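Heads up, the thing below is written out as structure tokens.
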Amino acid sequence: MKIPGTLLGFFYAPVLCLFWLTKHAVDSVKLSAPEAVTAVKGGSVTVSCQYDHQYREHTKYWCKGPIYKLCAIVVKTPRNRPSDRCFIEDDKEAGVFNVTMTSLTESDENKYWCVIARSGKNIYTGVRLHISHTVTTTTITPTTSSLVPQDVISWWVILRWILFISMLCCLASTHIVVWRIKTASKICPHQQLEHQNSNIYD
């Protein structure tokens, strides 16, 4: 008996979800930064990207663009790219690299990315920069205190593991359904044969 395509879809969907959840859960604790920051036009802003200490010696960079894979590198470690308005500093002891942008203009408003270069797939997280036209002497400068708190990160990890277990249950249920369909397909022809034989003797 051929298994319907919808059942195959239910079978593969949990597997893909499990892979994504575990991968995303691990990467989310390796690099964190504020989702959005706001700065005044003409002022400056500092964004802190906190990372796991195992990446202390890796190259870090800050790139600009709405899509990560198409973003343009602005500055990177260990050597700053030539830039009059953007600087990057890597504090390896604290496990954080800070990016400072000065003399901000409207064109600076965009999506930026904190990135850790590594073999295989880089680790990255997005930061949306908003430029305000409000005249004020205060410059909004996010620091490591504005990063996602560790307890919040831990809470998300726990939630993802709960989802992981739920997906395992769904996967097991799918296996049971498929097994029952296969079993039924084997039993039905056998029952039909017995019924035909009984009709012959009758």
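Readers should treat all values here as calculations from the given coordinates under stated rules, not as data from a laboratory. As the structure is a prediction and not an experimental result, all values here were calculated from the model. All Cβ positions, glycine included, derive from the backbone under ideal geometry; neighbour counts span all protein chains shown.
What shape does the range 50-96 take by its C-alpha gyration tensor, where a ≥ b ≥ c are the square roots of the eigenvalues and a/c under 1.5 counts as rounded, a/b above b/c as prolate, and the rest as oblate? Since a/c reaches 1.5 but b/c is at least a/b, the shape of the range 50-96 is classed as oblate.
Straight-line cross-link partners of LYS182 among the lysines, defined as a Cα under 18 Å from its Cα and at least 8 positions apart when in the same chain: LYS2. Rounded to the nearest 20 debye, the dipole size of the range 56-95 about its Cα centre is 260 debye, using +1 on the Cβ of Lys and Arg and -1 on the Cβ of Asp and Glu. If the chain linking ASN122 and SER83 were pulled fully straight, counting 0.36 nm for each residue of separation and taking away their Cα-Cα distance, it would gain 11.7 nm.
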